[in-house]
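Report on one structure; see the data block that follows.
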Amino acid sequence: MKAKDVALESVQKHNIVDVIYEQMKKNIQEGVWEPGCKLPSESELTATFQVSRVSVRSAVQKLRDLGVVITHQGKGTFVTRDATRYGVFNDNQPILHLSQEEFDHMRVFRQTVEFRCMELAVQNATEEDIQELEKALSRMLVNKDDYKKYSLADYDFHLAIVKASHNSIFIHVMESLKGIYVHYLEELNRVLGITLESVEAHIKVYMALKNRDASLATETLNGAMTHNVHAIKDVRQN
């Protein structure tokens, strides 16, 4: 197939996804699919729109990335309750599925546990600990265009910091909170986006810990978290 034909096919496929997305969006806006309602199955949507499963999945993913629908493994995809707050979709501003209380509690947890673990990591980290931190950071960089994979690597990065403290209680707590922590990171990275500033902050934290500089590490992470506080405030006000 010629390059021109490949490009044309790509554009046509993209347009099909946009058409499906717009129709699904209209169904939600007009109440055909009400908040809490389960969307038709992938097979039903494929039959309804007479398109491929790939096109349907891409359209659903666009809705999912906006936070308008949520998929529960083994149960299906549902219109979120928060969708009622949006008479018209703002495609540039996804819905944040994280309450202010959840956001604040996680911030306090991180300031209490992770900041202390950074101090301990500077004292106790082995060369293997620093290597694990670097591996997680590398995965973040590789997956910066996929917020889900990036968020999982992001969690592993912070887990590596906690493990470098060599405090078994902190490690157990961090591992037991994996589901909550990953959800928190996914919501931030999905809604706020994976910015250059965020990536650079993680690199700076890594270098600070490698150089045994706890003050710079905590200062950098605290600055990134403060930025998120203001960014989340802007999201909620829009």
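The values are calculated or read from the model by the stated rules, or taken from the named source; none is laboratory data. Only a predicted model underlies this, so the values are computations on that prediction, with no experimental measurement involved. Note: ideal-geometry Cβ built from the backbone for every residue, glycine included; neighbour counts use all protein chains shown.
Residues in the stretch 20-64 that are more than 26 Å from the chain's Cα centre (by Cα), of a type in the set (V, I, T) and either assigned to a loop (DSSP other than H, G, I, E, B) or buried (at least 18 other Cβ atoms within 10 Å of the Cβ) (or both): V32, T46, V51. Within the stretch 180-238, take every residue that is part of a loop (DSSP other than H, G, I, E, B) and among the β-branched types (V, I, T) and give me the one that is surrounded by the most Cβ atoms within 10 Å (Cβ to Cβ). Looking at the filtered set, the residue picked out is I194. Just one of (1) outside any loop (DSSP other than H, G, I, E, B); (2) modelled with pLDDT under 85 fails for Q93. It is (1). Can Y150 be described as surrounded by 21 or more Cβ atoms within 10 Å (Cβ to Cβ), under 13 Å from the mean Cα position of the chain (by Cα), modelled with pLDDT of 90 or more and within 25 Å of S99 (Cβ to Cβ)? It is true that Y150 is surrounded by 21 or more Cβ atoms within 10 Å (Cβ to Cβ), under 13 Å from the mean Cα position of the chain (by Cα), modelled with pLDDT of 90 or more and within 25 Å of S99 (Cβ to Cβ).
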